[in-house]
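Inspection log for the structure reproduced underneath, given as structure tokens.
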Amino acid sequence: MFLVKKIINFTLIFLLMVFNINANEELSAGMSAPDFTLLDQNNVKRSLADFKGEWVVLYFYPKDDTPGCTTEACSFRDNIEIINKLNTNILGVSVDSQESHKEFSEKYSLPFPILADVNGEVAKKYDSYGSFVGFKYASRHTFIINPSGMIHKVYKKVNPSKHASEIIEELKDNI
């Protein structure tokens, strides 16, 4: 019996790791967005609470200066005037370092904060943390947060080349 329990426990732990299953309730529209404080690429502390009363697009991405992540960031950059006119803030988050974010931001002239979640704590709060064979990353998820600090919409399946347009349409329809 002891051996059977050990095998069951090992199997459950293995499945939790492989499928990145967690016991947390999945965040969805209508829920309060978890607050956080992180440093951006310019060593400025940014908290979600700082944006109370404003719309926020909080997007998580796996890695600076990789093809999909660059496409997504540059698409937000290229549409920043429209996003600004919609009174919305863009905040990018990955588990990369501030130094990596600074290089990425400067290389592509990104006009919005990119937050360094090096321990993955914020990504975990937003059900956006992943790891594979010791490599940790933020999953490509986006959360639109309304001025009251509530989650307006969650995107778990993101196409980096179309995502900024998708976000803009959602904001235009709901602001």
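The values are calculated or read from the model by the stated rules, or taken from the named source; none is laboratory data. Since the structure is predicted, the reported quantities are computational estimates derived from the model, not experimental observations. Positions of Cβ are backbone-derived with ideal geometry, glycine not excepted, and every protein chain shown enters the neighbour counts.
S109 passes all but one of (1) buried (at least 18 other Cβ atoms within 10 Å of the Cβ); (2) touching a helix residue (DSSP H, G or I) at 6+ places or on another chain (Cβ under 8 Å); (3) of a type outside the set (K, R); which number fails?
Condition (1) is where S109 drops out.
All but one of (1) touching a Ser or Thr at 6+ places or on another chain (Cβ under 6 Å); (2) within 20 Å of C74 (Cα to Cα) hold for S128; which doesn't?
(2)
Please enumerate the residues belonging to segment 58-92 that are out of contact with any strand residue (DSSP E or B) (no Cβ under 7 Å at 6 or more places or on another chain) and among the small types (G, A, S).
Within segment 58-92, G68, S75 qualify.
Residue under question is F143, and the condition is that it be more than 14 Å from the chain's Cα centre (by Cα), outside any loop (DSSP other than H, G, I, E, B) and either modelled with pLDDT of 95 or more or not β-branched (V, I, T) (or both); does it hold?
No; evaluated as a whole, the condition is false for this residue.
For the subset of segment 158-175 comprising residues that are more than 21 Å from S128 (Cβ to Cβ) and among the hydrophobic types (A, V, I, L, M, F, W, C), which member is modelled with the highest pLDDT?
Applying the filter and picking the extreme gives I168.
All but one of (1) over 15 Å from the mean Cα position of the chain (by Cα); (2) hydrophobic (A, V, I, L, M, F, W, C); (3) surrounded by 15 or more Cβ atoms within 10 Å (Cβ to Cβ) hold for M150, so report the exception by its number.
So the condition that M150 fails would be (3).
What pairs can you find where one residue is in segment 117-130 and under 16 Å from I151 (Cβ atoms), the other is of a type in the set (A, V, I, L, M) and outside any helix (DSSP H, G or I), and their Cβ atoms are less than 7 Å apart, with a gap of 6+ or different chains?
What qualifies is V122/L38; V122/V93; A123/V93; A123/V95; A123/A138; Y126/L27; D127/L27; S128/A138.
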